[in-house]
Protein chains: 2
Amino acid sequence: MGQDKDFEYLGKIQDYFAEHKTLPTFSHVAQLLGFKSKNAVTSFVARLKLQGYLDYAPDKRLKPGRRFFERIIAESTVQAGFATPAYGDSLDTMGIDDYLIEKPSQTVLITVRGESMKDAGIFNGDTVIVEKRAFANVGDIVVAILNNEFTLKTLGKEGDKFVLIPANKDFPVLRPQDGFEIFGVVVGQFRKYD
Amino acid sequence: MGQDKDFEYLGKIQDYFAEHKTLPTFSHVAQLLGFKSKNAVTSFVARLKLQGYLDYAPDKRLKPGRRFFERIIAESTVQAGFATPAYGDSLDTMGIDDYLIEKPSQTVLITVRGESMKDAGIFNGDTVIVEKRAFANVGDIVVAILNNEFTLKTLGKEGDKFVLIPANKDFPVLRPQDGFEIFGVVVGQFRKYD
DNA sequence: TGACGTTGTGTACATTCGTACAGTACATTT
DNA sequence: AAATGTACTGTACGAATGTACACAACGTCA
C-alpha cells in the first residue's frame, strides 16, 4: 500500500481546514493537490475515509474524520524515558474548545471570584465552563442562583433537601430554606498563568 | 433590529458544527432551522455574515466567520449578583484556544499524573499547556527533565542552586545535584468534568 | 391609517457537485 | 513477458446547490 503521498496530501487538507475551518469541495481538493481530475479525489478520499481521517457529513459533504485532528502532544521528547503518548489520547492544540464544550449554544464561561472551591482545584480567577440547565445530580459542581446572586458550589443533599457545599473548610455549607435555582452545571475549568 | 431569533439560529448552527466539524448546505440549514425555503437561509446567512459569525470559503461554501467560536464570558461572578447574560447585553467574548495558547508551534499539551501539584490546583488527570523553552523564572511552574523523566514542579532557588518544589506537603522538595533540564513552562491548565 | 423595512414562502434556473465508467501510465509480481 | 494492482486522467450525467425574482405576513413608525 503506497499511501506515502496520501499523508502529504492530508497535510494540505489539514492546512486548508486550519485556515478556513471547513473542508473544500472535491473539485477544490483536486486543485489543491494538483489533480487534474475530480475522480482522483474520490479515490483519495475513500482511502483516507477508511483510515478515519475523513468522513462524510449528513449532506454528503466532506468533513474531518475522528483522526483528522490527531497530532502528537509531546513530540520532541526523544531524550527522555517517556512513554510517547498514544494517538488516542492526543489533543490537537486547535481543539481545546471542542474538547471542553459539547453544546456551544448552551454553554457559558464564568470567571470565578473567591476561594470557596479551592479544594476542588477551582481558584480565584479561574474560568469555569458552565452548561446551562435547571437540573443537576448530587455531586455535580453547580452554579446556583441564591438571593439573586450566583454561587459556585457542589450540590449535595441532606435528608430531602438540597444543600450547597463549598470545597473549602473555611466556608459553611449553605442550607437555603426557600430552595434555590440551578443556573447550570460546571463541565470544565481552565486557568491561564501570566 | 430584530435579530433575536438569529442568535437562536446561530446556536443551532454552532451545535451542528460542534458535532460535525463542518457547516451544512443551505438546504440543510433550512431543514435545521425549520425554514421551508432555502431563500430564507440566504438572507439569514447574509445577516450573520455582516456581523462576522459566518463567512464563505473560496468555493462559496459556508464557513465559520471570525466570531463564530466566540463564547459568552460573564464578568462579575460567583459572589456578586449579576444579570443573566443575554446575547444582547454587553459581553466579552473569546475563544478558549486563542486565550490559552499564544505560540501554537511551541506549545504542547501534557496530561498530568500524580498529586504533587494538588495545592496549586493542578490535579491528577488535568491537562497543562506547556510552552517549550529552556529557561524559566523562579516561581514558574515548569516541566523539568530529571533522571530521564518528566516532572511538574514549581521552580525555586536555594542559594545559587535551582530546586523543584512540589505543591503538596506530602512530597519533598527536589534538590538535584547535577542540575536538570527545563523542558518548558506551564502557561495554562484545563480540566474536564465527566 | 398607510408607507416601510424585515422575515420568510414559492418557483425557476444556471452552475456545480459527487459519482460512474472507460481508459492511460507505471511499477511490482510471477 | 504477461498479469496484476495502484494512481490518476477524461468525459458524461443526474442530483443538488446557491441565487434571483416576485410575493405574502407582520411589526414599526410617522
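The values are calculated or read from the model by the stated rules, or taken from the named source; none is laboratory data. Only a predicted model underlies this, so the values are computations on that prediction, with no experimental measurement involved. With ideal geometry, Cβ positions are generated from the backbone for all residues, glycine too; neighbour counts draw on all protein chains shown. These accessible areas exclude ligands, DNA and RNA; they are computed on the full protein's heavy atoms, side chains included. Shrake-Rupley method; radii C 1.70, N 1.55, O 1.52, S 1.80 Å.
Annotations for the structure displayed:
- Between B:D178, B:D119, B:D194, B:D170, the distinction of being assigned to a loop (DSSP other than H, G, I, E, B) and under 19 Å from A:F190 (Cβ atoms) belongs to B:D194 only.
- Here the range B:33-68 is the region considered, the condition is being within 10 Å of chain A (Cβ to nearest Cβ) and among the aliphatic types (A, V, I, L, M), and the residue that is farthest from DNA strand C (Cβ to nearest atom) is B:L62.
- A:T107 being among the hydroxyl-bearing types (S, T, Y) and more than 10 Å from chain B (Cβ to nearest Cβ): no
- Breaking point among (1) modelled with pLDDT of 85 or more; (2) open to solvent by 20 Å² or more (accessible area, probe 1.4 Å), for B:L54: (2)
- Failed criterion for A:F82 (all others in (1) crowded, with 18+ Cβ neighbours inside 10 Å; (2) at the interface with chain B (Cβ under 8 Å from one of its Cβ atoms); (3) modelled with pLDDT under 65 hold): (1)
- Scanning the range A:10-31 for residues that are without any contact (Cβ under 8 Å) to a residue 24 or more places away in the chain and within 12 Å of DNA strand C (Cβ to nearest atom), we see that the one that is nearest to B:A18 (Cα to Cα) is A:T22.
- Subset tally (residues that are open to solvent by 20 Å² or more (accessible area, probe 1.4 Å) and either under 14 Å from A:Y9 (Cα atoms) or in a loop (DSSP other than H, G, I, E, B) (or both)) for the range A:26-51: 15
- Selection of first residues in the range A:168-184 that are among the acidic types (D, E) and open to solvent by 80 Å² or more (accessible area, probe 1.4 Å) and of second residues that are part of a loop (DSSP other than H, G, I, E, B) and modelled with pLDDT of 90 or more, restricted to Cβ pairs under 8 Å at least 6 apart or on distinct chains, gives the following pairs, ordered by first then second residue: A:D170/A:E115.
- Candidates A:N137, A:N168, filtered to the one that is of a type outside the set (D, E, K, R), more than 11 Å from chain B (Cβ to nearest Cβ) and within 20 Å of A:R113 (Cβ to Cβ): A:N168
- Members of the range B:145-167 found to be more than 29 Å from B:D97 (Cα to Cα) and either assigned to a loop (DSSP other than H, G, I, E, B) or open to solvent by 20 Å² or more (accessible area, probe 1.4 Å) (or both), listed by number: B:L146, B:N147, B:N148, B:K157, B:E158, B:G159, B:D160, B:K161, B:F162
- Boolean, B:V138 is open to solvent by less than 40 Å² (accessible area, probe 1.4 Å), modelled with pLDDT of 85 or more and among the β-branched types (V, I, T): no
- Qualifying residue in the range A:86-106 (condition: away from DNA strand C (no atom under 16 Å from the Cβ), over 22 Å from B:K192 (Cα atoms), at pLDDT below 90 and crowded, with 18+ Cβ neighbours inside 10 Å): no
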